[in-house]
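Trainee: One structure, as structure tokens, below. Some questions next.
The values are calculated or read from the model by the stated rules, or taken from the named source; none is laboratory data. Because the structure is a prediction, the values reported are computed rather than measured. Heads up, the Cβs are rebuilt from the backbone with ideal geometry, glycines too, and the neighbour counts pull from every protein chain shown. What goes into the accessible areas is simple: the full protein's heavy atoms, side chains included, and nothing from ligands, DNA or RNA. Shrake-Rupley method; radii C 1.70, N 1.55, O 1.52, S 1.80 Å.
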Amino acid sequence: MTNILSEIIDRKRQVVARLRADGASQDFRERALAIRRDATPHRFVQTLESEPRRLNIIAEFKRKSPSAGIIPSDLSATEVARCYERGGACAISVLTDEEYFGGSIFDLTTVRASTDLPIVRKDFIIDPVQIYEAAIAGADAVLLIAGALDDTALTKLRAIAEDELALDALAEVHTSEELRRALNAGAKMIGVNNRNLQTFQVSLETSERLIAEAPRDRIMISESGLKSAKSLRHLQALGFRGFLIGEALMRATDPEAALRDLIAASERTAHNAVATGHSSLVRNSSFELRHFSVTPIQIKICGVTNVNDARMCAELGADMIGFNFYPQSPRYVEPKVARQIVETLPNHADAVGVFVNGDADEIRNTANAAGVRCVQLHGDFSPELARELAREFRVIRVFSTHPQFRPEDVTLFPNCDVLLDTYHPELRGGTGKTCDWSAARATLRFSRFLILSGGLNAENVASAIKAVTPHAVDVCSGVENAPGMKNHDAIKDFIAAVRMAERSMTIT
């Protein structure tokens, strides 16, 4: 198996050369653009984000592999696809490499005709013509293997897939260096392959290690070696949003039942963890997962205006740091100043740009100038505008708990995280007043990710967490000496209070 990836890529170059020499491929780009013009953009990502608590299984169709040899099956591609759909898969991956995996582009077109699920073309893609071919065949996403591409090719192919064709690009990595390169190429969705493509050895520790290094706003998918319900729930608790499973399902006598049983067993695993309070010590790992159902509450500190405060927030453990781009705010910071601050932040701290009203181009230009990849929207923003921005940024839609607020209103913004704040007729955040916690609790079931804001401080945040059980908490004036000037001791006390409240939620 030594250096099998290099061998595959060498052979793939020959295949691509023949494809390009075929006269039928000359209009692939035009045909792909025409097909994608009427297709749903970024459908695969939308599916992964639509139900954040769902166990998203990307079930794979493949005929053989260098590590497993031929995978015997009496079922056709059509039958397998329909089994996967009935069994509860969120998407289907189709291996189209012919020489090493026994697949073809025709397997993909067959699966496309058999199911409405999103489809990922899994191949060793090294040339744009393969992406155009995938779009014509009906793929919703393509796999880009960082280990098979240099930085220029990875960036170019990702842009063609996502920006030109509105497909989704799953950037596959196996090492920290490949993760860094994928992020630099603009990858929004990262697949962590637990199988080393040089040696074909498999270890789930790869997923455990790399998700700790990835920005929190990326969609993370674990691939290869996934067989047990316990492993799936463990990785989901770490933050993985999807799981690509192939050989285990393809070798099953009944793929539909095997998939359904795996999902059901995972549900039972999660339920049992809650009911019994069992802890899970991850073997051969440097950290302990205390509880399957309790993931760390993220902390956002908003209204930061200077480098010293930003660095201190990050050092003390803040996950998100907010910069206010509303000119009327006492915490307003110019985009060029914000960029200087953002460039000093460690990878674990995500920069958030706070906006009040405005159009998509204005927000996009300001966010890009400031170097933020997450935008927080206050004011009168339509679902259409939020959806447009969500193609480029993580979007947080702010709702105020005024008397007319209805928790179900947040479902109008399915591409957005939700932040609930106190209603004030003039101020946009930083009011120092708590919001309606009962309304926030009611909103939890309608949102994929809920951030609780409004008058939080070290004294009341534990009560807020107990009342609402949010995914994240947001603090601004509660850790300030004056607007835009943070109190570092107050930040330390606030974060400590959140962590203590978090531990109290864990059944021991």
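Trainee: Taking the Cα centre of each part, how many Å lie between segment 1-65 and segment 332-406?
Mentor: Segment 1-65 and segment 332-406 have Cα centres separated by 32 Å.
Trainee: Of all beta bridges DSSP finds with both residues in segment 35-191, what is the antiparallel percent, to the nearest 5?
Mentor: Values: 2 of 20 bridges.
Roughly 10 percent of the beta bridges in segment 35-191 run antiparallel, per DSSP.
Trainee: Using 0.36 nm times the number of residues separating D74 and N308, minus their current alpha carbon distance, what extension gain do you get?
Mentor: Values: separation 234, 0.36 × 234 = 84.24 nm, distance 6.39 nm.
Fully extending the segment from D74 to N308 adds 77.8 nm.
Trainee: Picking from S6, P41, A81, whose Cα lies most toward the positive end of the charge dipole for the chain (charges on Cβ: Lys, Arg +1; Asp, Glu -1)?
Mentor: Comparing the listed Cα positions along the dipole, A81 ranks first.
Trainee: Roughly speaking, to the nearest percent, how much of the chain's 1.4 Å accessible area is carbon and sulfur?
Mentor: Numbers: 10460 of 21740 Å².
Whole-percent figure for carbon plus sulfur exposure: 48.
Trainee: How large is the accessible surface per residue of segment 162-265, computed with a 1.4 Å probe and reported in Å² as a whole number?
Mentor: On the way: 3710 Å² over 104 residues.
Result: 36 Å² of accessible area for each residue.
Trainee: Separate question: Work out the FRET efficiency for K230 and A21 from their Cβ-Cβ distance, taking R0 = 51 Å, and round it to the nearest 0.05.
Mentor: Values: r = 50 Å, r/R0 = 0.98.
Efficiency for this residue pair is about 0.55.
Trainee: Something else: Which of the three applies to segment 14-101, rounded, prolate or oblate, going by the alpha-carbon gyration tensor with a ≥ b ≥ c and a/c under 1.5 meaning rounded?
Mentor: Values: a/c = 2.35, a/b = 1.15, b/c = 2.04.
Oblate is the answer for segment 14-101, as a/c is 1.5 or above yet b/c matches or exceeds a/b.
Trainee: Sticking with this structure for a sec: Could you compute how fast segment 357-497 diffuses translationally, taking Rh as the Kirkwood radius over C-alpha pairs and applying Stokes-Einstein at 37 °C with viscosity 0.692 mPa s? Give it in µm² per second. Walk me through the numbers on the way to the answer.
Mentor: Details: Rh = 15.7 Å.
Estimated via Stokes-Einstein, D reaches 209 µm²/s.
Trainee: Tell me whether segment 430-506 comes out rounded, prolate or oblate; compute the Cα gyration tensor, take square roots of the eigenvalues as a ≥ b ≥ c, and use a/c under 1.5 as the rounded threshold.
Mentor: On the way: a/c = 2.31, a/b = 1.43, b/c = 1.61.
The shape class here is oblate.
Trainee: Show me the ranking of peptides 478-485, 405-412, 446-453 by mean Cβ neighbours inside 10 Å, starting with the highest. Can you show the working numbers first?
Mentor: Numbers: 478-485: 17.2, 405-412: 15.1, 446-453: 22.5.
Highest-to-lowest ranking by the protection proxy: 446-453, 478-485, 405-412.
Trainee: May I ask you to compute the full-extension gain from A369 to A113, defined as 0.36 nm times their residue separation minus their alpha-carbon distance, rounded to one decimal in nm? The partial results should precede the final answer.
Mentor: Working: separation 256, 0.36 × 256 = 92.16 nm, distance 4.36 nm.
Result for the pair: 87.8 nm of gain on full extension.
Trainee: Sticking with this structure for a sec: Per residue, how much accessible area does segment 347-403 have with a 1.4 Å probe, in Å²?
Mentor: On the way: 2230 Å² over 57 residues.
Here the residues of segment 347-403 average 39 Å² of exposed surface.
Trainee: Could you tell me whether the chain comes out rounded, prolate or oblate from its Cα gyration tensor? Rule is a ≥ b ≥ c as square roots of the eigenvalues, rounded for a/c under 1.5, then prolate if a/b exceeds b/c, otherwise oblate.
Mentor: prolate
Trainee: While we're on this one: To check my understanding: the extent here is largest minus smallest coordinate of the Cα atoms along each principal axis. What are those three numbers for segment 324-425, in Å, largest first?
Mentor: Taking the Cα atoms of segment 324-425, the three principal extents are 40, 30, 27 Å.
Trainee: Okay, moving on. Return, ordered by residue number, the residues of segment 384-401 whose backbone nitrogen is under 15 Å from a label point located 7 Å along Cα→Cβ of F446.
Mentor: 397-401
Trainee: Find how much the distance from R406 to D261 grows on full extension, using 0.36 nm per residue of separation minus their present alpha carbon separation; answer in nm with one decimal.
Mentor: Working: separation 145, 0.36 × 145 = 52.20 nm, distance 3.71 nm.
Difference between extended and current length: 48.5 nm.
Trainee: Still on this model: Sort by residue number and name the cysteines in the chain that have no neighbouring cysteine Cβ under 4.7 Å.
Mentor: Those would be C83, C90, C313, C374, C416, C435, since no other cysteine Cβ in the chain comes under 4.7 Å of theirs.
Trainee: How far is it, in nm, from the label point at T253 to the one at A153 when both lie 7 Å from their Cα along the line to the Cβ?
Mentor: 4.4
Trainee: State the three equivalent ellipsoid semi-axes of segment 102-210, derived from the C-alpha gyration tensor as the square roots of 5 times its eigenvalues, in descending order and whole Å.
Mentor: Values: eigenvalues 110, 57, 28 Å².
The equivalent ellipsoid of segment 102-210 has semi-axes of 23, 17, 12 Å.
Trainee: Given a Förster distance of 35 Å, report the FRET efficiency between R180 and R54 from their Cβ-Cβ distance, rounded to the nearest 0.05.
Mentor: Working: r = 30 Å, r/R0 = 0.84.
Taking R0 as 35 Å, the efficiency between R180 and R54 is 0.75.
Trainee: In the chain, how many lysine pairs have Cα atoms under 19 Å apart, counting only pairs 8 or more places apart or on different chains?
Mentor: Going through the chain pair by pair, I get 17.
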